[in-house]
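Written below as structure tokens is the structure these notes are about.
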Amino acid sequence: VHFTEEVSREMALAGWEMALSLAKEKGPAPIMSQEFTVTGEMLRKRPEMESDGYQVGDRIPGRLLHAKYSRYMQRVAEAAPELVAELAETGARFTHHSSIAPTGTISLSLANNASNGIEPSFAHRYSRNVIREGKKSKEKIDVYSFELLAYRELVNPNAQPGATNDAQRLPDYFIASDGVTPKEHVEVQAAAQKWVDSSISKTANVPTDFAYAKFKDIYLYAHEQGLKGCTTFRFNPEAFQGVLVKEQDLKNTIYKFTLEDGTVVEARGDEEIDYDGELHTAANLFDAIRDGYYGRL
């Protein structure tokens, strides 16, 4: 947790140093030069402005509001007072520096499924349900974590998640999202969030049989830690299997299909079913029919 906070702080400081450098080279963001009228609400929320002599109706440039009276920039000033003093004088090239999107969003798009830094991979091998043009249900795509692919390339090409034999077993340090407790998920986000001035998101994965009281406590603890938001994921096939699905969860889930003649057909979630001229996994076919989007994607 401490390491996460240190890394986030250094990234923030480097970013605001660049904001100052770019402002000196190209000029600050226009809003930094814009003047704003001091209101009573401003003084209530930032009593230090009144201590500095500001009164209702006074004018103040955006660069001062941003660098001196933003709670976030006040934290930055504790680590780099000279930097923030210059930002107050010159203005920054941009108004916001950092945002952390969910691993499944940014990592698959930009980084070959690498972790975004504040949460481990969802799993080292899992399925992602995607919409394909012309397909009547979602398609199951196998996904591998960046660290697994790198380990196979550099160390052991036969490595497999969950393997028990020495020839395929992964080292103990291969941790996935379900190897981190919900409390630890919250603490890591809280540590990183101190230095993130825009949005931040990570997911706390909880077991399917997680007790409601403990589930509720995750959100209470997140509130105590001052999190901007808290996201949890619990595999619940009765409601929705999710976009990201572990193979073991699919294998352990039985789906029941009732045919027109009343016959009930059972299939594991990962089994393929030939239906209506297409192959579907049982889980995706069940969801599509139950939720009414079969053939409408």
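The values are calculated or read from the model by the stated rules, or taken from the named source; none is laboratory data. Please read these numbers as outputs of a predicted model, since none were measured by experiment. Methodologically, a virtual Cβ is constructed for each residue, glycine included, from the backbone with ideal geometry; neighbour enumeration extends over all protein chains shown.
Here are the numbers for this structure:
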| item | result |
| --- | --- |
| The range 74-100: number of residues that are surrounded by fewer than 20 Cβ atoms within 10 Å (Cβ to Cβ), closer than 13 Å to Ala12 by Cβ and among the aliphatic types (A, V, I, L, M) | 4 |
| Enumeration of residues in the range 169-202 that are without any contact (Cβ under 8 Å) to a residue 60 or more places away in the chain, exposed (fewer than 14 other Cβ atoms within 10 Å of the Cβ) and either more than 16 Å from Val1 (Cα to Cα) or assigned by TED's automatic domain parsing to the domain that holds Leu13 (or both) | Pro171, Asp172, Tyr173 |
| Selection status of Val38, farther than 16 Å from Phe94 by Cβ and out of contact with any Leu (no Cβ under 9 Å at 6 or more places or on another chain) | yes |
| Meets criteria (closer than 24 Å to Ala190 by Cα and of a type outside the set (A, V, I, L, M)) for Gly27 | no |
| Unique residue being within 29 Å of Arg71 (Cβ to Cβ), in contact with a Phe, Trp or Tyr (Cβ under 7 Å, 6 or more places away or on another chain) and of a type in the set (Ser, Thr, Tyr) when the list is Thr208, Thr203 | Thr203 |
| Selected residue (only one of Ser121, Ser98 is in a loop (DSSP other than H, G, I, E, B), modelled with pLDDT under 85 and either touching a strand residue (DSSP E or B) at 6+ places or on another chain (Cβ under 6 Å) or of a type in the set (Ser, Thr, Tyr) (or both)) | Ser121 |
| Of the criteria (1) surrounded by 14 or more Cβ atoms within 10 Å (Cβ to Cβ); (2) assigned by TED's automatic domain parsing to the domain that holds Ser177, which one Asn236 fails | (1) |
| Any hit, the range 162-178, residues being touching a Leu at 6+ places or on another chain (Cβ under 8 Å) and within 30 Å of His66 (Cβ to Cβ) | no |
| Single match in Gly57, Gly27 (criterion: loosely packed, with under 12 Cβ neighbours inside 10 Å, in the same structural domain as Leu83 (by TED's automatic domain parsing) and at positive phi) | Gly57 |
| Test: residue in the range 280-287 that is surrounded by fewer than 13 Cβ atoms within 10 Å (Cβ to Cβ) and either out of contact with any His (no Cβ under 6 Å at 6 or more places or on another chain) or outside any helix (DSSP H, G or I) (or both) | no |
| Odd one out for Arg290, checked against (1) part of a strand (DSSP E or B); (2) under 30 Å from the mean Cα position of the chain (by Cα) | (1) |
| Complete set of residues in the range 247-272 that are buried (at least 19 other Cβ atoms within 10 Å of the Cβ) and outside any loop (DSSP other than H, G, I, E, B) | Asp249, Leu250, Tyr255 |
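Results for (1) of a type in the set (Gly, Ala, Ser); (2) in contact with a helix residue (DSSP H, G or I) (Cβ under 7 Å, 6 or more places away or on another chain), shown as yes or no for each residue.
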site	(1), (2)
Asp209	no, no
Gly226	yes, yes
Glu260	no, no
Ala267	yes, yes
Leu285	no, no
Gly295	yes, no
